[in-house]
Amino acid sequence: MANETQAKQVYFVGGGLASLAGAVYLIRDAGMDGRNIHVIEGLPLLGGSNDGIGTPQKGFVCRGGRMLNEETYENFWDLFHSIPSIYEPGKTVSEEILDFDHAHPTHANARLIDKDGRVLDVTSMGFTMAHRMAMLKLIRTPEEKLDRMKISDWFDPSFFETNFWYMWQTTFAFQEWSSLFEFRRYMNRMIFEFSRINTLEGVTRTPYNQYDSLIVPLQKFLEERGVDFSLHCRVTDLDFAEGDGITVTAIRYDGLNGPGVLRLNEGDLCIVTNASITDSATLGDLHTPAPYTPERPLSGDLWANLVAKKGPRLGNPQPFFGNDKETRWTSFTVTSKGNKLLKKIEQFSRNVPGSGALMTFKDSTWRMSIVVAHQPHFINQPADQTIFWGYGLYPEKPGDYVKKPMLDCTGEEMLTELLHHLHWEDDKDALMEDIINVIPCNMPYIDALFQPRKMTDRPKVVPEGSTNLALISQFVEIPEDMVFTEEYSVRAARIAVYTLMGIKRPIAPVTPYNRDIRVLLKAVNTSFR
């Protein structure tokens, strides 16, 4: 068995969290030599959607931020308990994150802000009895009856004007037209958080951005064990053996030296990130809008090629990558000299940086929110610089003050819109003097994973008939779990490795908080607040 394992080569297509987690599981739980593990990534750096990059001179950027959760990220914490911290010797990454979070707890004091710049009291969810009954009916309805349904198909229009909806929507990035059973899964999986959605006390934060806090330690761990990384190498297609089975025989790619073919031997494995929410993401700067280029998403195109060859056992990318007008939103990252702007936000919100999570301007036509992280948020961020991040869920709409779609705005225009919502227009010039950069980011497919779909549109992690192919991403089907989370990526990777390698060890199950009477009673009480 040992010799068999050492001879086997494993190829990961995509260099995001799922692939890196899968490589760790191969080394830790399958005893594989890291030199037999290969990660192929089309971008110039690893991490996928767990990004965070920049310089003090040009400013910093996060396309998005991943919120963690101590209670529900079962496999995530297990994985990172095996990864040494590179910032705090003697600790694991899990210990480092949880110690940091416990020392800097989240308790938002300004969760929703209205058009007059007033912080709203969000103790009440704002439900009517009809809303409560619709929610209860949804939770009790089997998923199989919810194919292709939208949230707006279930709830009346008044539901989308409740405090609950404004908070739930902007915390998790749902839209009114998002998949109803994804919403249902969130309500079941995150019922533990329902009673504290107004303060976001359940949010667990990393000390730095996710790239510095998660990806860099993972990459170091794997490099030290000889894992092979190929960057700037876009996988365009896979070859399969003839017949009804699913056996990958070759990987086709475009690299720095042109196209090539990598042939697999018998026993080799291919584990593919079949889609990414940050495909086709683009950046701008203070004076330049980010381009908008939804054409030919990197991993989405690969997925379509695989389905064309092997059919619906590999899922159906069309519902997710077929309507960018429903799946896009825009983010921006502000880098400032000093802390003048952050101090004003702190005084307004009554939250020190890192303690407040989201502030949402609920009446904004862009449905704009901002997050002020603990400083520094980047490992190379100077002590005299501060950053914060924001996003808008309706980027196609003209702003309330800057009469342009968010998609077409420069970084300066996005910050101008924010300052107007805070009613700080008189301070704009003084605040702008300290701005190093505001980097906008357009993401055409960031919400693709929430699109209405059939149960069969997402493939199994190891499709029926597969001998050596697994799929790992936010676009595979894992019963009971919820997408748009780090846990989903890690769980998918663990399922893939354990299944293909025949590892007979338990995978941490989804914790059934939706069957815990104490949690349910809290949720019921919250719904009547």
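The values are calculated or read from the model by the stated rules, or taken from the named source; none is laboratory data. Given the structure is predicted, the values throughout are model-derived calculations rather than measurements. When we count neighbours, we look across all protein chains shown, and the Cβ atoms used for this are built from the backbone with ideal geometry, even at glycine. Areas reflect the complete protein model, heavy atoms only, side chains present, ligands, DNA and RNA absent. Shrake-Rupley method; radii C 1.70, N 1.55, O 1.52, S 1.80 Å.
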Gain in span if fully extended, Asp363 to Arg263, counting 0.36 nm per residue against the direct Cα distance: 30.5 nm
Dmax and Rg, reported as Rg then Dmax, of the chain (C-alpha, Å): 22.7, 72
Helix 163-172 axis, angle to the chain major axis (alpha carbon atoms, nearest 10°): 40 degrees
With every protein chain in place, segment 381-529: carbon and sulfur % of accessible area (1.4 Å): 55 percent
Contour minus Cα-Cα distance for Ile503 and Glu223 (0.36 nm per residue): 98.4 nm
Candidate residues Met67, Met32: accessible-area rank, largest first, probe 1.4 Å: Met67, Met32
Members of Lys145/Lys522; Lys309/Lys460; Lys397/Lys460; Lys337/Lys362; Lys325/Lys428; Lys220/Lys309 lying beyond 25 Å, as alpha-carbon distances in this model show: Lys145/Lys522; Lys397/Lys460; Lys337/Lys362; Lys325/Lys428; Lys220/Lys309
Accessible carbon and sulfur surface of segment 110-152 relative to its total accessible area, %, 1.4 Å: 54 percent
Pair Glu480, Lys397: separation of 7 Å Cα→Cβ label points (nm): 3.8 nm
Length released on extending from Asn109 to Glu176, taking residue separation times 0.36 nm less the Cα-Cα span: 21.5 nm
Dipole magnitude (debye, nearest 20) for the chain, charges at Cβ of Lys, Arg, Asp, Glu: 1020 debye
Spacing of the two label points (7 Å from each Cα toward its C-beta) at Thr456 and Asp429, in nm: 6.5 nm
Charge-dipole axis of segment 17-90 as Lys and Arg at +1 and Asp and Glu at -1 on Cβ define it, positive-most pick from Asn75, Gly54, Gly90: Gly54
The chain - accessible surface per residue (Å², probe 1.4 Å): 39 Å²
Cα centroid of segment 321-343 to Cα centroid of segment 380-413, whole Å: 5 Å
Helical contribution to [θ] at 222 nm, DSSP H n ≥ 4, -39,500 (n - 2.57), averaged over the chain, rounded to 500: -8500 deg cm²/dmol
Net charge over other residues, Cβ less than 14 angstrom from the Cβ of Asp114 (K, R count +1; D, E count -1): 0
